[in-house]
Structure formats: C-alpha cells, structure tokens
2 protein chains.
Amino acid sequence: MMDRSCPGVVEPILELLDGKWTLLLLFELLNGTKRFGELRRKLQPISPKTLTDRLRLLEEKGLVTRTLYPGVPLHVEYEFTESGKALQPIFEAMWNWTQEHGTYLKKDMALAVLNN
Amino acid sequence: MMDRSCPGVVEPILELLDGKWTLLLLFELLNGTKRFGELRRKLQPISPKTLTDRLRLLEEKGLVTRTLYPGVPLHVEYEFTESGKALQPIFEAMWNWTQEHGTYLKKDMALAVLNN
DNA sequence: CTCCATAGTTCATTTTTTGAAACTATTGCA
DNA sequence: TGCAATAGTTTCAAAAAATGAACTATGGAG
C-alpha cells in the first residue's frame with residue numbers, strides 16, 4: 001500500500017484507522033462491550049455488511065474480540081483487547097484538538113452528542 | 001461535561017485526517033515548511049493531482065498556509081498554521097501506540113524518521 | 001413445523017477515490 | 001524567440017469502497 005520512503009512508523013496505525021466508520025466504531029467500543037445490533041443502531045445508517053467488514057478487520061488486527069453467546073436469541077459481544085484499549089490516548093488527543101480547533105461541529109451533531 | 005468517547009465530538013478531526021496520503025502529508029509538514037516538489041518526492045508515488053487535492057483541502061480547513069514566492073523559478077511553500085501544529089499530540093500518541101502495539105514496525109524505518 | 005429475534009452473508013450496483021498522461025502558467029535568461 | 005525549472009490543472013479511465021436488497025443460520029416457544 002505504501003512506499004518505503006514514507007514515514008513507515010505510522011503505517012500500522014494508518015491501516016487500523018482506515019475506512020469509513022472505523023474511527024466511529026472504535027469510539028463506541030471505547031465505552032465498553034457492545035453487541036452487533038447495538039453498534040448497528042449507534043452507527044446508523046451503516047450497512048450490516050460494512051459493519052461486519054470493519055469488525056472482522058479489527059479482530060484480525062487484534063484490537064477487538066468477538067464472543068458468541070448461544071441461546072435464544074443468540075447474541076454476540078464485541079470488546080476491545082488490551083491493544084484496543086491502548087488507543088485511548090490517541091482519541092483523547094483528538095478530543096482535545098477538537099475542543100480547541102474544531103470549528104466544523106454542526107448543530108445537529110452537537111445535539112446528537114448531547115442526547116446520546 | 002461532555003462524554004469524551006462520544007463519536008460526534010470527533011467528527012471534525014475525522015474529516016481532516018480522511019483520505020489516502022493525508023496523514024503522511026501532515027507528518028511531513030510537522031517537520032517544518034515544505035515545497036510542493038519536496039512533498040511530492042517524499043510522498044512518492046503520489047500523483048500531483050492528489051497532492052494538490054490534499055493541500056487545498058488542508059488549506060481550506062485552516063491547517064496549512066500556501067505561500068507563493070515569485071522569481072525564477074517560482075516556488076511555493078506549505079506550512080502548518082497554529083491549528084496544524086496543534087495536531088502534534090495526536091501524532092505523538094500514534095507514535096507511542098505503534099511502539100507498543102504496532103507489529104509491523106521495522107527498525108530502519110523508525111530510524112529514518114528520527115533522522116529526518 | 002412455523003415464527004421470532006439476533007446476527008450475520010451474498011451479490012450486484014453505485015459512489016467515491018485515485019491515478020496516469022498530457023497539458024498550462026510564470027518569468028528571467030541566452 | 002525559445003528554453004528551463006517550478007508548480008500546478010485537466011480529462012478521463014481504473015480501482016476501491018460502500019450500499020441495498022434479499023437471503024441464511026440458529027434454536028426454543030407456541
């Protein structure tokens with residue numbers, strides 16, 4: 001994907017954070033264990049395909065675990081690994097930047113945040 | 001106080017960092033003022049179109065300034081605004097995460113960056 | 001033996017992004 | 001006049017990513 005002349009140090013994290021929805025998904029998981037349907041609702045209007053794609057990828061990279069609970073109805077829980085939890089400082093730095101420099105926050109977004 | 005993990009808060013930054021090459025480009029600018037051709041060489045094999053697209057977008061968002069120096073040959077310098085410089089903690093957090101959890105990191109890449 | 005709820009999968013299509021190639025603009029100098 | 005060096009722009013095709021609609025799997029309750 002990237003040339004070796006690029007600052008390779010960030011390569012791993014670039015791959016992780018890549019893709020529409022990925023960062024929002026990670027944000028959700030930062031709040032703790034979440035079920036598939038729960039994530040789907042929170043990330044509306046994400047498609048179930050995209051959501052599974054992202055989750056599978058994150059699982060593959062060792063950032064989240066997937067646990068199936070049999071029973072009726074069955075359900076599945078997604079949770080950060082230690083590696084995933086360790087992303088928190090990055091998100092905090094983003095949060096801080098946004099507080100001071102993010103001027104694009106739209107009113108409806110703000111409301112969504114407050115109602116969450 | 002707002003929930004730090006709430007996705008909406010971080011939308012502005014997601015938009016900023018979005019797109020292939022964007023993060024790598026920001027990394028370059030973190031090292032100081034850069035000319036168009038310089039960026040193009042460092043980010044090889046980026047196309048000039050994509051590079052201008054990215055630079056224009058970052059300019060629009062207030063993260064970089066573009067300064068034209070007439071003369072022969074003319075040249076152009078791109079530089080972070082204060083807002084752009086303030087991204088540094090985010091990159092540092094990424095760097096730290098990669099040190100501890102990025103399994104793709106190669107030592108010579110890291111050195112190349114540090115010597116830059 | 002059908003239904004419900006959960007959590008997906010499959011495949012075709014659309015949308016978005018990226019890229020390659022060729023071309024433009026500026027201006028001093030030989 | 002024509003050239004050299006920088007910094008782009010333009011156009012169109014190709015590739016990648018996202019979406020939508022419909023379908024599958026599970027297993028107990030009725």
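Every number in this text was worked out from the coordinates using simple rules, so none of it is lab data. If you're wondering where the values come from, they're calculated on a predicted model, not measured in any experiment. Because the Cβ atoms are built from the backbone with ideal geometry, glycine has one as well, and the counts that use them run over all protein chains shown.
Picking from residues in the range B:22-45 that are in a loop (DSSP other than H, G, I, E, B) and facing another protein chain (nearest Cβ under 9 Å), the one that is surrounded by the fewest Cβ atoms within 10 Å (Cβ to Cβ) is B:P45. Filtering A:L74, A:L51, A:L58 for residues that are within 15 Å of DNA strand D (Cβ to nearest atom) and surrounded by fewer than 17 Cβ atoms within 10 Å (Cβ to Cβ) leaves a single hit, A:L74. Is at least one residue of the range A:5-15 outside any helix (DSSP H, G or I) and more than 9 Å from chain B (Cβ to nearest Cβ)? For the range A:5-15, residues outside any helix (DSSP H, G or I) and more than 9 Å from chain B (Cβ to nearest Cβ): absent. Could you please find all residues in the range A:61-71 being in contact with a Phe, Trp or Tyr (Cβ under 9 Å, 6 or more places away or on another chain) and either crowded, with 16+ Cβ neighbours inside 10 Å or of a type in the set (D, E) (or both)? Selection gives A:L63, A:V64.
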